[in-house]
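A quick write-up on the structure given underneath.
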Amino acid sequence: MTVLSIVVPCFNEEESVGIFLDEIQKVLAGHDFEVIYINDGSSDNTLKNIKNLADSNPNVKYISFSRNFGKEAAIYAGLSNATGDLVCLMDVDLQHPPSMLPEMLETISRGDVDVVAARRTTRKGEGRFKSWASHMFYKVFNRISDLELVEGATDYRVMKRTVVDSILQLSEYNRFSKGLFQWVGFETEWISYENVERVAGETTWSVWGLFKYSIEAIVAFTSIPLSISTLLGTVFSAVAFFYMLFIVAKYLLYSDSVQGFATIMCAILFLGGIQLLSIGILGKYLEKTYLESKHRPVFIVKESNIDEE
Ligand code: UDP
Ligand code: MG
């Protein structure tokens, strides 16, 4: 039986796949391991290059999706097909330094923790805005959800079989892995490292993409935004009610004719805005429930060199 399975999601990574394997073979010389590449609907030569690697290395497995399903789906597919007692999750672009792997394996083999995960301490090479936005995301998420996400936590981790099996039990369609990893619990030891630049290719994450991803994360793990819109509605209704009493009293006491169209316009626009926002939030949750209720598969495999049992 294979001791270590390394799960590697790849999306348009034709240059990186080979470099990655070389590095892994260097640091894991003498170890028993398999590498499972998940080709997440790449449009370049990623699959061809992976197949070439698989032809000359019996410990290279691959799963190729019928289209791009996203990294979360690729992680799920990889974990589902990993056979090792230990499973490692890694990016193919070498931003998750393979040189850390021996230390991670040693830490987990000591036996007191179930997961050894890597944590970025710097965001060197990343834009200021992106770092700030990411910091804000962790702050907001940790404040409003019951889960505590570790800032700088990456998907780079080695997990014991029990942990992997627990994650696989969470078969939801909307997957936010960082949250799922935290949700299943278990003892985790964090190892810090400095941010590394990509070895080749380009990141597929735009600022807009990251923003959408953080909304997904929040919707997947907390329903607080729904309560916030209820709270806002209550506060504004109360304010409006007292303002109404105030106008009536003012009219009765001083026979002031009612004035202030500007105030009314502002109030209408503001409340209209809050209402639309609340409907939007509601819609987001409804959308997730709707998608979840369809029970669609998380990914569809087009081809693979892993035999189905
Ligand atoms: N990835 C994937 N599917 C996607 C986007 C990315 O499998 O739709 C893979 C990608 O090939 C890489 C990892 O996920 O191995 C991390 O992606 P990327 O380097 O673009 O993200 P970043 O490191 O900038 O956060
Ligand atoms: Mg990367």
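The values are calculated or read from the model by the stated rules, or taken from the named source; none is laboratory data. Note that this is a predicted model, so its numbers are computed, not measured. Reconstructed Cβ throughout: ideal geometry from the backbone, glycine too, with neighbour counts over all protein chains shown. Side chains are part of the model used for accessible areas, which takes the heavy atoms of the whole protein and leaves out ligands, DNA and RNA. Shrake-Rupley method; radii C 1.70, N 1.55, O 1.52, S 1.80 Å.
Evaluate the following for residue 214: is it among the polar types (S, T, N, Q), open to solvent by 50 Å² or more (accessible area, probe 1.4 Å) and in contact (Cβ under 8 Å) with a residue 24 or more places away in the chain? Can you show your working first?
Details: among the polar types (S, T, N, Q): yes; open to solvent by 50 Å² or more (accessible area, probe 1.4 Å): no; in contact (Cβ under 8 Å) with a residue 24 or more places away in the chain: yes.
When the stated conditions are applied, residue 214 does not pass them.
Look at (1) surrounded by 15 or more Cβ atoms within 10 Å (Cβ to Cβ); (2) within 16 Å of ligand 1 (Cβ to nearest atom); (3) among the hydroxyl-bearing types (Ser, Thr, Tyr) and you find that residue 206 fails only one, number (1). Once segment 108-121 is narrowed to residues that are away from ligand 2 (no atom under 15 Å from the Cβ) and open to solvent by 10 Å² or more (accessible area, probe 1.4 Å), the residue that is farthest from residue 4 (Cα to Cα) is 121. Taking segment 53-107 as the range and being open to solvent by 20 Å² or more (accessible area, probe 1.4 Å), of a type in the set (S, T, N, Q), within 16 Å of ligand 1 (Cβ to nearest atom) and more than 19 Å from residue 205 (Cβ to Cβ) as the test, the residues that pass are 66, 80, 81. Scanning segment 139-165 for residues that are open to solvent by less than 30 Å² (accessible area, probe 1.4 Å) and in a helix (DSSP H, G or I) gives 141, 163, 164. Pairs are defined by a Cβ separation below 7 Å, a sequence spacing of at least 6 or placement on different chains, a first member in segment 125-136 that is under 16 Å from residue 194 (Cα atoms), and a second member that is part of a loop (DSSP other than H, G, I, E, B); the pairs so defined are 125/195; 125/197; 126/195; 131/123. Residues in segment 143-160 that are without any contact (Cβ under 8 Å) to a residue 40 or more places away in the chain, under 21 Å from residue 72 (Cα atoms) and away from ligand 2 (no atom under 15 Å from the Cβ): 148, 149, 151.
So which of 92, 60 is within 16 Å of ligand 2 (Cβ to nearest atom), within 28 Å of residue 169 (Cα to Cα) and of a type outside the set (Gly, Ala, Ser)? Don't jump to the end; show me each part of the working.
Values: 60 fails: within 16 Å of ligand 2 (Cβ to nearest atom).
Testing whether each residue is within 16 Å of ligand 2 (Cβ to nearest atom), within 28 Å of residue 169 (Cα to Cα) and of a type outside the set (Gly, Ala, Ser) leaves just 92.
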